[in-house]
1. Could you work out the helix-only [θ] at 222 nm for the chain, with each DSSP H run of four or more residues adding -39,500 (n - 2.57) and the total divided by the number of residues, to the nearest 500 deg cm²/dmol?
2. Got a sec? Charge dipole of region 1-139, +1 on Cβ for Lys and Arg, -1 for Asp and Glu; which of Ala69, Ala121, Val107 is way out at the positive end?
3. Within a Cβ distance under 12 Å of Lys98, other residues only, what is the Lys/Arg minus Asp/Glu net charge?
4. Quick one: dipole size for region 3-70, taken about the Cα centre, charges +1 on Lys/Arg Cβ and -1 on Asp/Glu Cβ, in debye to the nearest 20.
5. For the chain, what is the charge dipole size about the Cα centre, in debye to the nearest 20, if Lys and Arg each add +1 at the Cβ and Asp and Glu each add -1 at the Cβ?
6. GNM, the chain, Cα, under 10 Å: largest mean-square fluctuation among Lys122, Lys113, Lys169?
7. Placing +1 on the Cβ of each Lys and Arg and -1 on the Cβ of each Asp and Glu in region 82-231, which of Ala176, Leu214, Gln84 has its Cα farthest towards the positive end of the resulting dipole?
8. What do you get for the angle between helix 121-141 and the principal long axis of the chain? Use alpha-carbon atoms, 0 to 90 degrees, nearest ten.
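Every number here is computed from the coordinates shown, using simple stated rules; none is lab data. The structure displayed is predicted, hence computed values, not measured ones. Here the Cβ positions follow ideal geometry from the backbone for every residue, glycine too, while neighbour counts run over all protein chains shown.
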Amino acid sequence: MQRFFVEPYQIEEEAHRIHINGTDVNHIKNVLRMKCGEDVWISDGGDKEYHCQIEELGEDEVLLHILYAQEPEYELPNKLYLFQGLPKADKMELIIQKAVELGAFSVIPVETKRCVVKLDAKKAAKKVVRWQQIAESAAKQSKRMLIPEIHEVMTYKQALEFAKQLDVKLIPYELAKGMKETREILSEIKPGQSVGIFIGPEGGFEEEEVAKALEAGAHAITLGRRILRTETAGLAILSVLMFQLENE
C-alpha cells in the first residue's frame, strides 16, 4: 500500500478527511494512476498514521477519507544522527537511502580534510534538495513515520558544534580498541538518548580530526578487523544500533 506524508493542517480528524496537495497529487493521479476507492497510508510526521481511501481526485487536490488511525511504533526510541564525510560520485545518494531505511533520524553531510568532493554553496544547495527527495522516497518505502532531515553541508567544526547537543557521539576508527570495548560502549546507550555517528570520507579521518572528536566527547569504536568503505561503515553501525535499540 502506498504511503504519503502530510502536515497536520491537512488533516481534518473530526470530518474524517485528509487533503493531499503539491507534487503528490500528480504522483497519485498520473504516475501511480490510482483511482477512487483505493487505499493509502498517511503519516503526519509524528506518532500517528491513517489508513485512508481516495474519495476525490481533483485537479490540484486529492481528498482522502480516513478509515481509522493508529499509533504504531515504527520509529526507533533513539534519534540517530549520521555525520557523513562527503564521498565521491553518487555514493551519498545510496548512503542516505539506506540510512533512512535503517532508522536514521537525520543525515548531516560533512566536509572533512580528506574529502575529494568540494561543493560551493550553489551546488551544495542543489545536492541537499536532491538528497532530501531521496530521503522522502526511502521513508515512504520503509514505512517511516517521519521524513528524516538532510541538513545543509557542514564543515567539520560546525558538525562537532552541532553534535554537542547529542547524548552520545561515536566515531569508528581503525586504531580504536578491541570489539569488547566497543560492545560495552554501545550497550550503555539508553532508550531515548540521541546518538551521533561520525563517518569519514574515502581515506577516513585525519588523526587531528579524530582527536578533536574525542575532545568533544566522542567515543572511538571499532567496526571489526576489516576496512570498510565509507558507504558501508555508517550503514554497518546503524544496523548494529537498530538491532540493539529496536522496540520489541
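1. -9500 deg cm²/dmol
2. Going by the charge dipole, the pick is Ala121.
3. -2
4. Using only the charged Cβ atoms, the result is roughly 320 debye.
5. 1340 debye
6. Lys122
7. Most positive-ward Cα: Gln84.
8. So the helix axis and the longest Cα principal axis differ by about 60 degrees.
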